[in-house]
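Nothing in this text is a laboratory measurement; each read-out follows from the coordinates by a stated rule. As the structure is a computational prediction, the values presented were derived from the model and not from experiment. Here the Cβ positions follow ideal geometry from the backbone for every residue, glycine too, while neighbour counts run over all protein chains shown.
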Amino acid sequence: MINRNLLEAYKIEHGNIKVAIAGAGYISKGLIQQITLLDFIDVVSIYSKTRAPIIALLKDANLPLSIIADNVEDFCASDADIVVELTGDTEFGCELGLATLAANKHFVVSAETDALVGPVLAERFREKGLIYSNMWGDEPGLIKHLYNYADVLGFGIVAVGKFKGFHDSFANPDSVLPWAEKSGQKPTMIASFADGSKMSMEMTIVSNATGLVADVPGMHLAKGTLEDIVDLLKLKDDGGILNQTGVIEVVCGVEPSGGVFAVISTDKPEILDSLSYYKMGDGPNYLLYLPYHMPGIEALYGLYVNVVEHQSVVRPLGAPVSDVITRAKRDLKKGDQLDCIGGYDYYGEMTSAELSVEHSALPLGLATGARLLVDINQGEPILFQDVEIHGHIDGRKLRQRFSEMVLENQPLESNNIKRVNLG
C-alpha cells in the first residue's frame, strides 16, 4: 500500500499531490470528501459543464469556490500534477485527454472514455513519459491487482472478472427507477449497470490491460454462487463452461455482487498440498476475490500510485484486444436520434477488437446523439454505416488510430499472458 517514506520524500521535494477533477457526480463527491481528510493531497481545480453541482459539492467539502475553472484551458493550466476525468461523457473525455496531454500532466480516465479510445491515448501518454491510468477502487483496477498478484506468484490464470447481481440487456431508466431512487444515482447510470453496458466497458479495459479475452462475445454471464465459481469456470471437458482458459467473465447472482475475482490454478503437488492446508480448497483451481469495490473512496490511493510511484493502476498494454459494440435495445427506426448510454435505445456488448473493426461496428462511446440511416431491429448490432455521427470530433479521430492499431496488431508489452491447459 502507501509507502510513507516515499510519500514524505515526495512532499519534501514537490509538496502535496495536486489534483484537478472534472465532473461533479457520485464518484467525484466521494473522492473530494476523502481528499479533505488527508494531509498529502489537495484539489487545486475542478470543472464541469454545469456550475451548480460543483458549487454544492465544494460547499459540502468546505473548499473554496475559487478553484472552479471556467473552461478546459484554464482547468488544464492549473498547477495540478494529475487530471482526473469523472464525467462519463466520452466526447468530453477525449477532448480533456488530449488537452491534458498537451499540458504535460498525468491523466486518470473514466471507464467510458478508456473503453472507447484507451489504447490510443495510452500510446500517446507513454510516448511523452506521462501516466495514463484508470482508477484504483473501480472494478478494472482491482481485477488487475488480483491478476498481478496471481501472476507474480506463478499461478496460471483461468479467469478474472466480477460478480453481478442482475443483468437485463433491455433495462431502461423506467425499469430501474426504484433502485436509482434508493441509491441516489441517475436512472441512466443504474440502467447502464443493469443492461451490461458498464460491465462491458470495465471488462474491455481489463482485457486491453492483460491480453485476456472474453470466451464468447458478450461473455457467458452464467449464474453461480461464491462456492461453485471454481467448478463453473473451468474447461467444458472438465465439466465447466469455458472453451479456453485465460478469459474474462462476469458471474451473475453471486453475493457480494460488488466483488471482483480471479480463478487461478497450479499443477505443482507441493503447492497443491500447501493450498489444501491453507484451506483454499482441493484444487487445481482456486478462487481469489475481493468482496467490494469503492471507487469514490479508494480512488485517491491510485492517485498516490500515479504521481508518487509514477505507475499506472491499469492501462492498455498495446494494441486493442477487446472493444464494446452497440446493440439496439428496442426496434429503432430510420431517422431516430440515439439517446445516451443507459437510456432506452441501445446497450453495449464486449467483443474482440478484431471483430469490431472487421465489421465496422459502432463503438458504444460514439453512439450518443447519432442519427440512424436505416431501421435496426431489437438486439441487432449497429454499424458505422447505419448512422450519421454528430460531434465526437476527437473521438472519431482517435478511433481511426484505434482501427490502425488493430490492423497493425502491435505486440503487447508482455508476451507472458498465462493460459493454462487444465485438460
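Karplus couplings for region 119-126 from phi (6.51 cos²θ - 1.76 cosθ + 1.60, θ = phi - 60°), rounded to Hz, Gly and Pro as x?
x, 6, 5, 4, 4, 6, 5, 4
Return the distance in nm (one decimal) between the two label points of a simple spin-label model at residue 375 and residue 186, each offset 7 Å from Cα along Cα→Cβ.
So the two model labels end up 3.2 nm from each other.
If I stretch the segment between residue 397 and residue 60 completely, what's the gain in nm (0.36 nm per residue apart, minus their alpha carbon distance), one decimal?
117.4 nm is the gain from fully extending residue 397 to residue 60.
Which FRET efficiency value, to the nearest 0.05, do you get for residue 14 and residue 128 by plugging their Cβ-Cβ distance into 1/(1 + (r/R0)^6) with R0 = 30 Å?
0.95
So what is the relative contact order of region 322-408, in percent, for Cα pairs below 8 Å that sit 6 or more residues apart?
Averaging sequence separation for qualifying contacts and normalising by length gives 35 percent for region 322-408.
When the chain is fully extended, how far beyond the present Cα-Cα distance does residue 383 get from residue 179, taking 0.36 nm per residue of separation?
Length gained between residue 383 and residue 179: 70.3 nm.
Pairs of alpha-carbon atoms within less than 8 angstrom and 6+ residues apart define the contacts here; what relative contact order does the chain have, in percent?
Computed over the chain, the figure is 19 percent.
What FRET efficiency comes out for the pair residue 277/residue 257, r = Cβ-Cβ distance, R0 = 35 Å, nearest 0.05?
Efficiency for this residue pair is about 0.70.
Rounded to the nearest 500, what is the 222 nm mean residue ellipticity of the chain from helices alone, with -39500 (n - 2.57) per DSSP H run of 4+ residues and division by all residues?
Result for the chain: -11000 deg cm²/dmol, rounded to the nearest 500.
For residue 198, list the lysines whose Cα falls under 16 Å from its own Cα; do not include residues on the same chain fewer than 8 positions away.
162, 164, 186, 329
May I ask what percent, to the nearest 5, of DSSP beta bridges between residues of the chain are antiparallel?
50 percent
Over region 191-295, what relative contact order in percent results from Cα pairs under 8 Å that are six or more residues apart?
Taking the mean separation of contacting Cα pairs over the length of region 191-295, I get 23 percent.
At 0.36 nm per residue, minus the direct Cα-Cα distance, what do residue 221 and residue 243 gain on full extension? Give it in nm, one decimal, please.
Full-extension gain reported as 6.5 nm.
Along region 100-108, what does the Karplus equation 6.51 cos²θ - 1.76 cosθ + 1.60 (θ = phi - 60°) give for ³J(HN,Hα), rounded to whole Hz, x for Gly and Pro?
5, 4, 5, 8, 6, 10, 5, 9, 9
Give me the lysines in straight-line cross-link reach of residue 18: C-alpha distance below 22 Å, same-chain residues under 8 apart excluded.
29, 49, 59, 105, 128
How many percent of all Cα-Cα pairs in the chain sit more than 26 Å apart?
Summing the P(r) of the chain above 26 Å gives 55 percent of all pairs.
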